[in-house]
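Below you'll find the structure, written out as structure tokens, and then a few comments.
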Amino acid sequence: MNSGLRLFPEEASTQAPATDTLFLILMIVSAAIIILVVTLVITFSLRYRRGTKANRGPLRDIISREFEIGWTAGTCFLALFLFWWSGSADLSTLVPPRDAMEIHVVGKQWMWKTQHANGAREINALHVPVNEPVRLVMTSEDVIHSFYVPDFRIKRDVLPGRYTETWFNATKTGTYHLFCTQFCGTEHSRMIGEIVVMPKDEFSKWLHEQPQSADISKEGAALYASLGCASCHEGKSRVQAPRLAGVYGSAVHLRDGRIFTADDAYIRDAILEPDKHVVAGYEPLMPSFEGLVGDDEILRLTAYIRSLKGKGRAG
Amino acid sequence: MTDITVGQNPPKPAPVDAPAHSYLDTPSLWSWLATTEHKRIAILYAITVTFFFLIGSGAMAVIRLELMTPQADVVSDEAYNRLFTLHGVVMVWFFLIPSIPTIFGNFLIPLMIGAKDLAFPRLNLISWYLNLLGGLFVIYVLISGGVDTGWTFYTPYSTMFANGAVIAAAAGVFFAGFSSIATGINFIATIHMLRTKGMTWFRLPLFVWAMYAVSLVFILATPVLAITLVLISAERYFGLPIFDPANGGDPLLFQHLFWFYSHPAVYIMILPAMGVVSEVITCFARRKVFGYTFMVYALVAIAAISFFVWGHHMFVSGMSPYAGLVFSLLSFVVAVPSAIKVFNWTGTLFRGQITFEAPMLYALGFLGLFTVVGLTGLFLASIPIDVHVHDTYFVIAHFHYIMVGGSLSALYAALHFWWPKITGKMYPESWARFAAIMMFFGFNFTFFPQFILGYLGMPRRYHVYPPEFQALHVISSTGASVLAAAYLLPILYLTWSLFTHRNAPNNPWNATGLEWQTTSPPPPENFTRPPVVNKEPYDYEEDRDPDRPANPQLAGAGS
Amino acid sequence: MSSVSVDDTALPVAEPAVPEAWDTIEEEQEAASFGMWLFLATEMLFFGGLFLCYTVYRFTHADGFLAGARATDVKLGTINTVILLTSSLTMVMAVQGGRLGLRGLVWRCLAATAVLGAAFLAVKGYEWSQDLSRHLFPKAHFAIAECGASMFWALYWVMTGLHGIHLTIGVVIVTRLAWLMRGLTSLKIPDLITIGLYWHFVDTIWIFLYPLLYLSGRAP
């Protein structure tokens, strides 16, 4: 990043051009309207200033009625057109690609903790390969923060007690700003970091060089055993609990008739508030692990559960 | 005022005697503090509003000074955070929201509709004391070190993490809100029930319609803010878990509740300004407003639609994206009535007899700046762009264009336009025109660079920032010093004018409107006889001959 | 204009002092009533925010929320409902008495209204002390473990607290009015209509609060 006077951010992701095109269209529309209004105001101010000999008769009806209706309708159409354009652009980026690389992000006062799927951790930084979709699953340990990378044109708040998601596909190598952009306390303006986009081979090298605290799903397996989950969810136990092989991403039928997708949020609820979504055919017997597992551990357990493949279900 | 020669500016008014009997007589302190007379209450509000304007501006000055450099030079992180919170809280609730309604609404509504006072005069005084009480809480917050949550009080930061006088700040805002509810009730009842004979709804000046629309928003939106403040105070003081995620609470629920009020609140800040601009442009173009009916419906439509767009503050919050699309659509739609108003004001200039007194300069400046606002609103309504610029300087630039470029310009237009009526004195015209032009340029230098800063990614509420943003910040801060001078200058010469002998005639601008048909300043009972109306508003059409003054909107003059 | 009234206390009836803005007392009454309706609209939105919170948490944490709801004291709640509804009856009688010029009826019914309102507050105070002794204040040592129950009880305290504050203000105003009505004040003052509206509103809020706070989660 240079420190000269920049007037426009870099376009470093697949989403940036769409945002910038929309921005450009709006700039053109705005410029046209401003030029129109300013020209009319100046022209009228000069031509009709007191004392000039311009025609000042009453307005013809076509002007006072049809023009009014005309520019009202025109503005309406413009507004709807712009909504359609921007709404489509938004919808097309709502769902991340299926094969996106998953990164877990935890925001806390006043730092960002990121973790790769293989366990590599970073503080206030994130290394990613170029031209690969990256999905961010994020939460906060305390207050609301917001994960913002201007050069990618992405931003999403991170909330305590919940997961939020966003994704990007970086198209240019380089180092880009990461800002926290929801006021979070004293050092809010110092909660900044870097996104480092590297060519794919360099990224693989970098990833393997990271101190691996084991694949987080292996850590999750260890937790699964130590917390005693297997005693109900595996094997033949007196207490019937749903089997978890292949459950991640599948449709779960609940006792009250609703159908949920077993995603990260569902698994988190199942661990912390098991009575909230009881599965059809089972009793609400699972104890809550509220206070016994932290957010980090839930991420590991989720990664482990995700890794359990089963017959006939989405893997 | 009949001797106007074609081609020249109106000559200086002939020396006029002050009226024998005006509302400014009997200046004992008690008669002012216990008054129920609407014009005096307007002056009381003018004093408190100006006081808080100076406090909020002081905070702004320190902020802009600090932002000249990327690192922390002037204040600490904590202090900076408390300064921008103070700036926001004071400017929003103790300056902008009261300003035009409580000063000019209170003063002018009974005059413009031909009444003796508002419907509930004692309630009017109570609302000033409520505002004062809220202000005292804010002064307490200031003295005790401040609060750093931002004017938006987001949870769980404000309820569980912030140190500082959050509850006192919330109480201050609560009472200010209560005050505005009382004002809204008073205005609605007055406009419904106290219009003089012949003043039908569609003969009301657009300023009165704007006050009516704003009062509807006051009474329907502010209570939601009130309960939200009660809830965060209860959570903070009693530890009741309302927005606490650990107990099942939802911080987003706070945001929905907060923005349900705070979006209409920004329209509270602009609707009165629109009313002022309609009065000023029609007077100095000497033409009736283009499309009066559309203007009325646009005001009411803006007030109504404003209640349904709050989610555009929450596109990145984790709210459902489908809800986001609905809010985006409605946010685009709300631009339409505002655009109608801009086109109609421009159309009012067409075939007019335009002169460029200071109020008109401010109003024309408003026209340009408000157009920029409306257009940048379209940027923010479109979700992909908002995702990029939310919580950046782009948003700061947008809302300052509205509030400072829009509302504050209109406030200064109103101040100059009605100064003769309120004080009975004329202000110095050349100084006023100079200040208006200086303000326009200073304003654009301050805030236009911030659009660029925002798109570059500079976040808001940042005390320190990466060095590549510095150049634009320096331009902005320089502009801010010019802007500050441009705002102080009128305060100085207007105060000076009070001590001169340049008394104002009843109708220095030859304007239509009932307030100009009584003395400057008016007597306590406003009119010696209740006026009767038989003409449309802004009936300047007959003044095609600049030598002839406009017909007042009056069958039998009351003065 | 004079007002003829038939009353049993044989006190002279004073002419109402009409503020300058209004030409007749009827206009003043109409204005006061209009103003009070506008104020009640704001109060509806004020409590509406609370009802919104209730609705959201009722659905996002249904089981725990309703478990919390089952812990309220339905007996005391029902007694209070009867008290408050009766007070609305006495208030209606007072307002109607004002229209018919029956001074004795007016001040006695106003006094009864105030007494019933105070009785409500007394029962509520007793109920609160019981709730506190059962550890139903959602802080440390909260009685119910399920997630969501503390949200119910947080809203319970805020809702009943705010309702109580509004009722207290009402009791004070009604008491003062009852006192004034015994004396020389005209029966046609707008205060009677406006306080009547306010009282009925406070009662209506309770009519919403009662099922939300006492009947939730109790259906078989």
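Please count how many residues of the stretch A:9-33 are at the interface with chain B (Cβ under 7 Å from one of its Cβ atoms) and loosely packed, with under 15 Cβ neighbours inside 10 Å. Reasoning before the result, please.
Pass one, the stretch A:9-33, residues at the interface with chain B (Cβ under 7 Å from one of its Cβ atoms): A:9, A:18-19, A:22-23, A:26, A:30, A:33.
Retained after the next criterion (residues that are loosely packed, with under 15 Cβ neighbours inside 10 Å): none.
Residues meeting the conditions: 0.
Per the conditions (1) without any contact (Cβ under 8 Å) to a residue 12 or more places away in the chain; (2) more than 14 Å from chain B (Cβ to nearest Cβ), the sole criterion not satisfied by C:Leu167 is (1).
Set side by side, the residues B:Phe332, B:Phe327, B:Phe366 differ, and just one is assigned to a helix (DSSP H, G or I), at the interface with chain A (Cβ under 7 Å from one of its Cβ atoms) and at pLDDT 95 or above, which is B:Phe332.
A quick yes/no check of all residues on (1) farther than 29 Å from C:Thr42 by Cβ; (2) within 14 Å of chain B (Cβ to nearest Cβ):
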site: C:Leu85; (1), (2): no, no
site: C:Val95; (1), (2): no, no
site: C:Gly148; (1), (2): yes, yes
site: C:Trp157; (1), (2): no, yes
site: C:Met181; (1), (2): no, no
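Can you go through C:Gly196, C:Gly170, C:Gly164, C:Gly148 and tell me which one is closer than 30 Å to A:Asp275 by Cα and either among the charged types (D, E, K, R) or touching a helix residue (DSSP H, G or I) at 6+ places or on another chain (Cβ under 9 Å) (or both)? So that I can check it myself, show each step before the final result.
On the way: C:Gly196 fails: closer than 30 Å to A:Asp275 by Cα; C:Gly170 fails: closer than 30 Å to A:Asp275 by Cα; C:Gly164 fails: closer than 30 Å to A:Asp275 by Cα.
Step by step, each of C:Gly196, C:Gly170, C:Gly164, C:Gly148 is checked, and only C:Gly148 is closer than 30 Å to A:Asp275 by Cα and either among the charged types (D, E, K, R) or touching a helix residue (DSSP H, G or I) at 6+ places or on another chain (Cβ under 9 Å) (or both).
Checking each residue in the stretch B:147-165 for being surrounded by fewer than 24 Cβ atoms within 10 Å (Cβ to Cβ) and not in a loop (DSSP other than H, G, I, E, B) picks out B:Met160, B:Phe161.
Within the stretch B:455-488, restricting attention to residues that are assigned to a loop (DSSP other than H, G, I, E, B), over 27 Å from the mean Cα position of the chain (by Cα) and not hydroxyl-bearing (Ser, Thr, Tyr), which residue is nearest to the other protein chains (Cβ to nearest Cβ)? Give the steps one after another, and end with the answer.
First pass over the stretch B:455-488, keeping only residues assigned to a loop (DSSP other than H, G, I, E, B): B:457-458, B:460-466.
Those left that are additionally over 27 Å from the mean Cα position of the chain (by Cα): B:457-458, B:463-466.
Narrowing the set further to residues that are not hydroxyl-bearing (Ser, Thr, Tyr) leaves B:457-458, B:463-464, B:466.
Values: B:Gly457: 2, B:Met458: 8, B:His463: 4, B:Val464: 5, B:Pro466: 7 Å.
Ranking the qualifying residues of the stretch B:455-488, first place goes to B:Gly457.
Return yes or no: is C:Thr72 part of a loop (DSSP other than H, G, I, E, B) and either touching a residue at least 40 places away in the same chain (Cβ under 8 Å) or not β-branched (Val, Ile, Thr) (or both)? Spelling it out, C:Thr72 is indeed part of a loop (DSSP other than H, G, I, E, B) and either touching a residue at least 40 places away in the same chain (Cβ under 8 Å) or not β-branched (Val, Ile, Thr) (or both).
Within the option set B:Ser278, B:Ser233, being touching a Leu at 6+ places or on another chain (Cβ under 9 Å), in a helix (DSSP H, G or I) and of a type in the set (S, T, N, Q) holds for one residue only, B:Ser278.
Considering only residues that are of a type in the set (Ser, Thr, Tyr) and crowded, with 24+ Cβ neighbours inside 10 Å, look in the stretch B:222-266 and name the one that is farthest from B:His416 (Cα to Cα).
Going through the stretch B:222-266, the residues of a type in the set (Ser, Thr, Tyr) turn out to be B:222, B:228, B:233, B:237, B:261-262.
Filter again for crowded, with 24+ Cβ neighbours inside 10 Å, leaving B:222, B:228, B:261.
Working: B:Thr222: 30, B:Thr228: 38, B:Tyr261: 31 Å.
Here the residue is B:Thr228.
The listed residues are B:Trp418, B:Trp345, and the only one of them that is more than 9 Å from chain A (Cβ to nearest Cβ), part of a helix (DSSP H, G or I) and in contact with a helix residue (DSSP H, G or I) (Cβ under 8 Å, 6 or more places away or on another chain) turns out to be B:Trp418.
Going residue by residue through the stretch A:72-86, is there one that turns out to be in a loop (DSSP other than H, G, I, E, B), at pLDDT 90 or above and more than 9 Å from chain B (Cβ to nearest Cβ)? Break it down stepwise before answering.
Filtering the stretch A:72-86 for residues in a loop (DSSP other than H, G, I, E, B) gives none.
No: zero hits.
Return a yes/no flag: does the stretch A:23-46 have any residue that is touching an Asp or Glu at 6+ places or on another chain (Cβ under 9 Å), closer than 30 Å to A:Val130 by Cα and not assigned by TED's automatic domain parsing to the domain that holds A:Ala170. Scanning the stretch A:23-46, I find no residue that is touching an Asp or Glu at 6+ places or on another chain (Cβ under 9 Å), closer than 30 Å to A:Val130 by Cα and not assigned by TED's automatic domain parsing to the domain that holds A:Ala170, so the answer is no.
Just checking, does the stretch C:103-118 include any residue being within 13 Å of chain B (Cβ to nearest Cβ), more than 24 Å from C:Gly217 (Cβ to Cβ), assigned to a helix (DSSP H, G or I) and not β-branched (Val, Ile, Thr)?
Filtering the stretch C:103-118 for residues within 13 Å of chain B (Cβ to nearest Cβ) gives none.
No: the stretch C:103-118 contains no residue that is within 13 Å of chain B (Cβ to nearest Cβ), more than 24 Å from C:Gly217 (Cβ to Cβ), assigned to a helix (DSSP H, G or I) and not β-branched (Val, Ile, Thr).
Checking each residue of the stretch A:50-70 against the condition of being outside any loop (DSSP other than H, G, I, E, B), of a type in the set (Ser, Thr, Tyr) and under 40 Å from the mean Cα position of the chain (by Cα) gives no match. Taken over the stretch A:252-289, the criterion of being within 11 Å of chain C (Cβ to nearest Cβ) and touching a Lys or Arg at 6+ places or on another chain (Cβ under 6 Å) is satisfied by A:Asp269, A:Val278. Of the numbered criteria (1) touching a helix residue (DSSP H, G or I) at 6+ places or on another chain (Cβ under 7 Å); (2) part of a strand (DSSP E or B); (3) not charged (D, E, K, R), the one A:Thr166 fails is (1). Test B:His501 against the stated conditions and say whether it is in contact with a Phe, Trp or Tyr (Cβ under 6 Å, 6 or more places away or on another chain), over 21 Å from B:Ala42 (Cα atoms) and assigned to a loop (DSSP other than H, G, I, E, B). Here the answer is no, as B:His501 does not meet what is asked. In the stretch B:491-505, of all residues being at pLDDT 90 or above and either among the hydroxyl-bearing types (Ser, Thr, Tyr) or under 16 Å from B:Phe107 (Cα atoms) (or both), the one that is surrounded by the most Cβ atoms within 10 Å (Cβ to Cβ) corresponds to B:Ser497. Report yes if some residue within the stretch A:68-78 is out of contact with any helix residue (DSSP H, G or I) (no Cβ under 8 Å at 6 or more places or on another chain), of a type in the set (Asp, Glu), without any contact (Cβ under 8 Å) to a residue 12 or more places away in the chain and farther than 26 Å from A:Glu219 by Cα; otherwise report no. There is no residue in the stretch A:68-78 that is out of contact with any helix residue (DSSP H, G or I) (no Cβ under 8 Å at 6 or more places or on another chain), of a type in the set (Asp, Glu), without any contact (Cβ under 8 Å) to a residue 12 or more places away in the chain and farther than 26 Å from A:Glu219 by Cα. Of all residues in the stretch A:170-194, those that are surrounded by 22 or more Cβ atoms within 10 Å (Cβ to Cβ) and more than 12 Å from chain B (Cβ to nearest Cβ) total 1. Inspect the stretch B:201-213 for any residue being under 30 Å from C:Cys147 (Cα atoms) and more than 14 Å from chain A (Cβ to nearest Cβ) and give the result as yes or no. For the stretch B:201-213, residues under 30 Å from C:Cys147 (Cα atoms) and more than 14 Å from chain A (Cβ to nearest Cβ): absent. The residues of the stretch C:181-190 that are crowded, with 20+ Cβ neighbours inside 10 Å and either of a type in the set (Gly, Ala, Ser) or at pLDDT 80 or above (or both), listed by number, are C:Met181, C:Pro190. Going residue by residue through the stretch B:118-127, is there one that turns out to be under 23 Å from B:Ser476 (Cβ atoms) and either at pLDDT below 95 or over 19 Å from the mean Cα position of the chain (by Cα) (or both)? Taking every residue of the stretch B:118-127 in turn, none turns out to be under 23 Å from B:Ser476 (Cβ atoms) and either at pLDDT below 95 or over 19 Å from the mean Cα position of the chain (by Cα) (or both). Among residues that are of a type outside the set (Gly, Ala, Ser), buried (at least 24 other Cβ atoms within 10 Å of the Cβ) and in a helix (DSSP H, G or I), A:Asp157 is not included.
The values are calculated or read from the model by the stated rules, or taken from the named source; none is laboratory data. This is a predicted model, so every value here is computed, not measured. A quick note on method: Cβ atoms are made from the backbone with ideal geometry, for glycine too, and the neighbour counts reach across all protein chains shown.
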